[in-house]
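The values are calculated or read from the model by the stated rules, or taken from the named source; none is laboratory data. For clarity, every value in this text was computed on a predicted model and none was experimentally measured. All Cβ positions, even for glycine, are placed from backbone atoms using ideal geometry, and neighbour counts span all protein chains on display.
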Amino acid sequence: MTDLILNVDFVASEPPKKKESGNQKHRSFVQRRRVLERRGVLRQKQLPPPGSASKPGPKRQQGGKTPKKAKPPQPAPCPKSNSPSSLSAAKTASTATQPPSKPKPVAKAKLQAPRIPIQPSKLVAIDCEMVGTGPGGRTSDLARCSIVGYHGDILYDRYIRPAAPIVDYRTRWSGIRRHHMVNAVPFSKAQREILRILSGKIVVGHAISNDFKALKYFHPKALTRDTSRMPLLNRRGGFPENISVSLKRLTKELLHRDIQVGTSGHSSVEDARATMELYKVVEAEWEQHLLLNPEQE
């Protein structure tokens, strides 16, 4: 009988390998790790803990790339419509997306400020007469001051004795004589009395800066009315607007009255009253002009 020899391999056959996923480099790493695990070369700490299962990761597409998330489907645009409602909605949407337009500047109209009438009690007119002191009598010092109200009533009229000796009385223009100084008020006292009357008042005068200089005082510009610098008066009298016309000529042309006549000198009361009357001729127009042009006060 012929002997039958069987070659039996008792080594357990390996289960068929699962199709490995990933790229070639990853597959080579997995195969190498498995070989090392079988040989017992790997250290204990490098081995996975018993009973632990690797969490399934995200599936990769062929080539190792993670699939991108699909975008949610967007609603299809509505077909165009020419209906009034659709046109209105489209106009509203376009307006909402555009930035708000800047408002066009509106041209400022020149508003006419209302005229506030001035109370007569707030108006006074002043006129001063001077004498000469100092070398040659060339220095002008106050020797008489007259203040009248809106209706010409006398508020103050006194002869004033200068601090310096009088050299020239200038009687032809001032009307001052020696006997007027006998009972005259000292300048310092007269100054206090006069400034008390002028305080807070609108003061009218002709070439009034000379009067304030003799008083050694400066009244607020906004409360000063100089009839020698009112173009409206010159226009009414037929004079050029840019010149200073004397009180005598303005009174003759506008009030039809003669003042400062003769050789006895001027009367400060008469001149103050004439100044107030000239101011009243153009009062409404002049105050309105100053209200709209305060820089010309």
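Of note:
- Sole exception among (1) surrounded by 10 or more Cβ atoms within 10 Å (Cβ to Cβ); (2) more than 22 Å from S228 (Cα to Cα); (3) at pLDDT below 95; (4) out of contact with any helix residue (DSSP H, G or I) (no Cβ under 7 Å at 6 or more places or on another chain) for R115, by number: (4)
- Within region 244-270, being surrounded by 14 or more Cβ atoms within 10 Å (Cβ to Cβ) and either in contact with a Cys (Cβ under 8 Å, 6 or more places away or on another chain) or under 19 Å from Y169 (Cα atoms) (or both) holds for Q260, G265, H266, S267, S268, V269.
- Condition broken by D211, with the remaining ones in (1) in contact with a strand residue (DSSP E or B) (Cβ under 6 Å, 6 or more places away or on another chain); (2) more than 13 Å from C128 (Cβ to Cβ); (3) crowded, with 20+ Cβ neighbours inside 10 Å satisfied: (2)
- On inspection, D153 fails the criterion of being modelled with pLDDT of 95 or more, of a type in the set (D, E, K, R), touching a Cys at 6+ places or on another chain (Cβ under 8 Å) and surrounded by fewer than 16 Cβ atoms within 10 Å (Cβ to Cβ).
- When region 137-164 is filtered for residues that are closer than 22 Å to S264 by Cα and outside any strand (DSSP E or B), the ones remaining, listed by number, are G137, R138, P162.
- The listed residues are H179, H206, and the only one of them that is surrounded by fewer than 17 Cβ atoms within 10 Å (Cβ to Cβ) and not aromatic (F, W, Y) turns out to be H179.
- Any hit, region 193-209, residues being under 33 Å from the mean Cα position of the chain (by Cα), free of Cβ contacts under 8 Å to residues at least 12 places away in the same chain and closer than 18 Å to L155 by Cα: yes
- Some residue of region 198-207 being at pLDDT 95 or above and either charged (D, E, K, R) or in a helix (DSSP H, G or I) (or both): yes
- Test: residue in region 225-234 that is surrounded by fewer than 18 Cβ atoms within 10 Å (Cβ to Cβ) and among the hydrophobic types (A, V, I, L, M, F, W, C): yes
- Residue check for V185: touching a helix residue (DSSP H, G or I) at 6+ places or on another chain (Cβ under 9 Å) and surrounded by fewer than 18 Cβ atoms within 10 Å (Cβ to Cβ): yes
- For region 232-273, the set of residues classified as part of a helix (DSSP H, G or I), under 43 Å from the mean Cα position of the chain (by Cα) and under 15 Å from A207 (Cβ atoms) consists of L233, N234, L247, L250, A272, listed by residue number.
- Qualifying positions in region 128-148 - farther than 16 Å from T171 by Cα and surrounded by 19 or more Cβ atoms within 10 Å (Cβ to Cβ): S146, I147, V148
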